[in-house]
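The values are calculated or read from the model by the stated rules, or taken from the named source; none is laboratory data. Model, not experiment: these values are computed from the prediction. All Cβ positions, glycine included, derive from the backbone under ideal geometry; neighbour counts span all protein chains shown. Accessible surface is based on the protein model in full, side chains and every heavy atom, while ligands, DNA and RNA are left aside. Shrake-Rupley method; radii C 1.70, N 1.55, O 1.52, S 1.80 Å.
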Amino acid sequence: MTNRLLFNVLGGFEAFDSARQSIRLSNRKAQGLLAYLAIECIHPHSREHLATLLWARTGEERARHNLRQALSKLRQYCPDLITSYGDRIALNNDACQVDARRFPAVARSDDPNDLFLALELYRGDLLEGYAAREPEYQEWLDLTRGQLRKHAVEVAARLAEFLIEQGREREAIDVLNHSLRIDAANEAAHRDLILLLARQGRRSEALRQFKECVTALARELDAEPGVETRRIHDDIRRGGVIPEGPMVHDAGAT
């Protein structure tokens, strides 16, 4: 694995050579092409499809020319990076490692160490900051970003649950905060964080967290906290006893 290129497409784009030295790939369309080939890897893709996906606005002939240029830029870093199957091409997984390919594999694990690694790999949205002029590629990008983001939030929830069961509440608080950086309107994460802060005697922080929950839900979803979240807040505000044990999730909350 040490002789493979490394590409990070979750968050800002990064590329590294086999010695883990940073390499420059400033061509945005080449970045977009690499990300697409890395994620849509079930089968090779036709050159026509890729040219249309990324350069539809330039016309057919120019789109094919731009595709050849992008492929040439990718092959500069490794001649074997792109594999051809007649008119179809694919990313050679033996020549590179891409975080967006690795993330789903470790995210499915039940090993908490793998879940920590999954959250480390998920540095942000797919090709964060990238906006395509071609509607078809942007539609794919938006859909895939949403799927990966949802997966990361689910990973954080599973990991936080494990840590809470193990009595590692401070670590669970860190994981929940990480989850909220991914999805600020995740009410379940807000609610668990409110409970954990209160259990540790950090009631003022718990009350501030509820306010952040209210603000995020209103801003992102035009919604209000659910019954269970409000009940927990009221108990904390009145100085009630916060019960130990597993987190409580009501069906009506997000």
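Of note:
- Relative to the longest principal axis of the Cα atoms of the chain, helix 187-199 runs at roughly 40 degrees.
- Positive-end residue, the chain charge dipole about Cα centroid, Cβ charges, pick of Pro112, Leu6, Asn186: Leu6
- A cut-off under 12 angstrom between Cβ atoms defines the neighbours of Glu14, and their net charge, with Lys, Arg +1 and Asp, Glu -1, is 0.
- Accessible area in the full protein assembly, largest first, 1.4 Å probe, for Asp174, Asp94, Asp17: Asp94, Asp174, Asp17
- From phi via Karplus (6.51, -1.76, 1.60), per-residue ³J(HN,Hα) for the stretch 65-71 in Hz, x at Gly/Pro: 4, 5, 5, 4, 5, 5, 5
- Counting only Cα atoms, the size of the stretch 73-223 along its three principal axes is 64, 35, 21 Å, in decreasing order.
- With protein chains left intact and a 1.4 Å probe, residues in the chain average 53 Å² of accessible area per residue.
- Taking other residues whose beta carbon is less than 12 angstrom from the beta carbon of Ala218, and scoring Lys, Arg as +1 and Asp, Glu as -1, yields -3.
- Angle of helix 28-39 to the longest C-alpha principal axis of the chain, folded into 0 to 90 degrees and rounded to 10: 70°.
- Only lysines eight or more places from Lys150 in sequence, or on another chain, were considered; those with a Cα closer than 30 Å are Lys29, Lys211.
- Seen against the Cα atoms of the chain and their longest principal axis, helix 227-237 is set at about 50 degrees.
- Scanning residues 5 or more positions from Leu5 or on other chains, those with amide H under 5 Å from its amide H are Cys96, Gln97, with H placed 1.01 Å from N in the peptide plane.
- For the chain, a crude dipole built from +1 on the beta carbon of Lys and Arg and -1 on the beta carbon of Asp and Glu, taken about the Cα centre, is about 820 debye to the nearest 20.
- Of the GluC sites (Glu not before Pro) found in the stretch 63-136, those that fall in a DSSP loop while having at most 14 other beta-carbon atoms within 10 Å are Glu128.
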